[in-house]
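The values are calculated or read from the model by the stated rules, or taken from the named source; none is laboratory data. What you see is a predicted model, and the numbers here were worked out from it, not measured in a lab. As a convention, Cβ positions derive from the backbone with ideal geometry for all residues, glycine included, and neighbour counts pool all protein chains shown. Accessible surface areas use protein heavy atoms only, side chains included; no ligands, DNA or RNA. Shrake-Rupley method; radii C 1.70, N 1.55, O 1.52, S 1.80 Å.
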Amino acid sequence: MASMKVEDLPALLGTEIGVSEWHHIDQQRIDQFAVCTEDHQFIHVDPEAAAKTPFGGTIAHGFLTLSLIPIMAKEINVPLEGAVIAMNYGLDKVRFLQPVPVGSDIRGTFVLASAEEKRPGQWLTTYEVTAEVKGQDKPAFIAKTLVLHYLG
């Protein structure tokens, strides 16, 4: 999809807008996230201790996987026609459904859930993002992310 027109938004509700590239979750990425967030829980950063858990090894922080939404959204690159900028407006709901083991690949599928004009020249869109884990039946998370578009 090249771009979305404001007048087409109602017809696109419930439609899959795009699927991102795969993103590899390695131990280095997990460790860097732990440093940034100061969340050094062993299940994320200590492979030896994590190997003794039911997960059999380290797992990504849930917020690490969630933090990939902006790059995944950029990859699907479906701008709202006439927008001069689109900004993260928050999240309405997030559910972490399964852990993401180190060495996994995830990608996001974006479905347009809602679109409303907040005021003239400002549109708020909500996307349901499902983070698929390659080779797994259950997604890592499902989140509703909000984007505020400023039209020029």
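Pairwise inverse Cα distances across segment 87-152, averaged and inverted, put the Kirkwood hydrodynamic radius at 13.0 Å.
Label sites at R95 and E16, each approximated as a point 7 angstrom past Cα along Cα to Cβ, lie 2.0 nm apart.
Each helix, a run of at least 4 DSSP H residues, gives -39500 (n - 2.57); summed and divided by the residues of the chain, these come to -5500 deg cm²/dmol at 222 nm.
Remark on segment 38-116: Rg and Dmax equal 16.5, 53 Å (Cα only).
Across all directions, the average projected area of the convex hull around the alpha carbons of the chain is 9.5 nm².
Computed over protein heavy atoms with a 1.4 Å probe, the carbon and sulfur contribution to the accessible area of the chain reaches 52%. Hydrodynamic estimate: the Kirkwood radius of segment 1-78 over Cα pairs, inserted into Stokes-Einstein at 37 °C and 0.692 mPa s, corresponds to D of 219 µm²/s.
Given the pairs K5/K138; K5/K134; K52/K138, which span a C-alpha to C-alpha distance of over 30 angstrom in this model? Beyond 30 Å: K5/K138; K5/K134.
Contact order for segment 1-112, expressed relative to its length and based on alpha carbon pairs under 8 Å spaced 6+ residues apart, stands at 49 percent.
Skip the ligands, DNA and RNA, and give the accessible area per residue of the chain with a 1.4 Å probe, whole Å². Here the residues of the chain average 56 Å² of exposed surface.
Each Lys and Arg Cβ is given +1 and each Asp and Glu Cβ -1; about its Cα centre, segment 1-41 then shows a dipole of about 120 debye.
Using the Kirkwood radius over C-alpha pairs as Rh, can you work out the diffusion coefficient of segment 36-76 via Stokes-Einstein at 25 °C, viscosity 0.890 mPa s, in µm² per second? It comes out at roughly 214 µm²/s.
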